[in-house]
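Heads up: the structure comes next, in structure tokens.
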Amino acid sequence: PNDTYFHDQWYLENTGQTGGTPGADIAAPGAWDFHTGGGSAVVAILDHGVDHAHEDLAAHCTTGFDPVDGDYDAFPDDGDAHGTACAGIAAGIGDNGIGVAGVCWNAQIMPVRVADGITATPWNVALGIQWAHLNGADVLSHWIPGTVRTLDRYAHYWNNAAPAIDHVQHHVLPQAMT
């Protein structure tokens, strides 16, 4: 692809350009010879939000969700560019002469802001996962600070929070989305 920063994306095609081992990558160019991704795939980026106006992402950003501020913003912006970078890796438009090439060039990006700075509360994570699932996400790309033990805690919280999430889904969200 002719994307400006593709040569830096060693994880897609490692030629040793950053001192790494050539071939230690996902061999994306070979896969792209067959398919660059379907436009019906929806990747939920659960992170700090996504810059939905970013030139490499805007055409594929769908409505998102932001439980962090309690305003359920449909287009949660990214305060530190982490979520935007993750969205670019997953679904940046490829071969367009700008930015990066995502793994799936034509996927839809669903921004879900679950973190504020380095804080991602279990409640926001659970709400984000539930909302993404109910709104058609095929893939969840999630940034959670911490360790595997932290992930275990989120899973435990998810099981205990299901009744509250059901309440939000059926009572709070319909009113907030109108």
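The values are calculated or read from the model by the stated rules, or taken from the named source; none is laboratory data. Remember, it's a predicted structure, so these values are computed and weren't measured experimentally. Cβ sites come from the backbone with ideal geometry, for glycine too, and all protein chains shown count toward neighbours. For accessibility, only protein heavy atoms count, side chains too; no ligands or nucleic acids. Shrake-Rupley method; radii C 1.70, N 1.55, O 1.52, S 1.80 Å.
Annotations
- Test: residue in segment 57-75 that is over 20 Å from H133 (Cβ atoms) and surrounded by 14 or more Cβ atoms within 10 Å (Cβ to Cβ): yes
- Number of the condition not met by I45 [criteria: (1) of a type in the set (V, I, T); (2) in contact (Cβ under 8 Å) with a residue 12 or more places away in the chain; (3) over 29 Å from D77 (Cβ atoms)]: (3)
- Among (1) more than 12 Å from the chain's Cα centre (by Cα); (2) modelled with pLDDT of 85 or more; (3) open to solvent by less than 20 Å² (accessible area, probe 1.4 Å) - the single one A107 does not satisfy: (1)
- Candidates in segment 78-97 are the residues that are acidic (D, E) and surrounded by fewer than 19 Cβ atoms within 10 Å (Cβ to Cβ); of these, the one that is modelled with the highest pLDDT is D95.
- Tallying residues that are part of a strand (DSSP E or B) and farther than 14 Å from A44 by Cβ within segment 79-118 yields 1.
- Of the candidates V50, V42, the single residue that is in contact with a Leu (Cβ under 7 Å, 6 or more places away or on another chain), at pLDDT 90 or above and surrounded by 13 or more Cβ atoms within 10 Å (Cβ to Cβ) is V50.
- Within segment 18-32, the set of residues being β-branched (V, I, T) and either open to solvent by less than 50 Å² (accessible area, probe 1.4 Å) or in contact (Cβ under 8 Å) with a residue 40 or more places away in the chain (or both) comprises just one member, I26.
- Number of the condition not met by L140 [criteria: (1) modelled with pLDDT of 90 or more; (2) open to solvent by 60 Å² or more (accessible area, probe 1.4 Å); (3) in contact with a helix residue (DSSP H, G or I) (Cβ under 7 Å, 6 or more places away or on another chain)]: (1)
- Of all the residues in segment 43-78, those that are closer than 20 Å to A115 by Cα and not in a loop (DSSP other than H, G, I, E, B) number 7.
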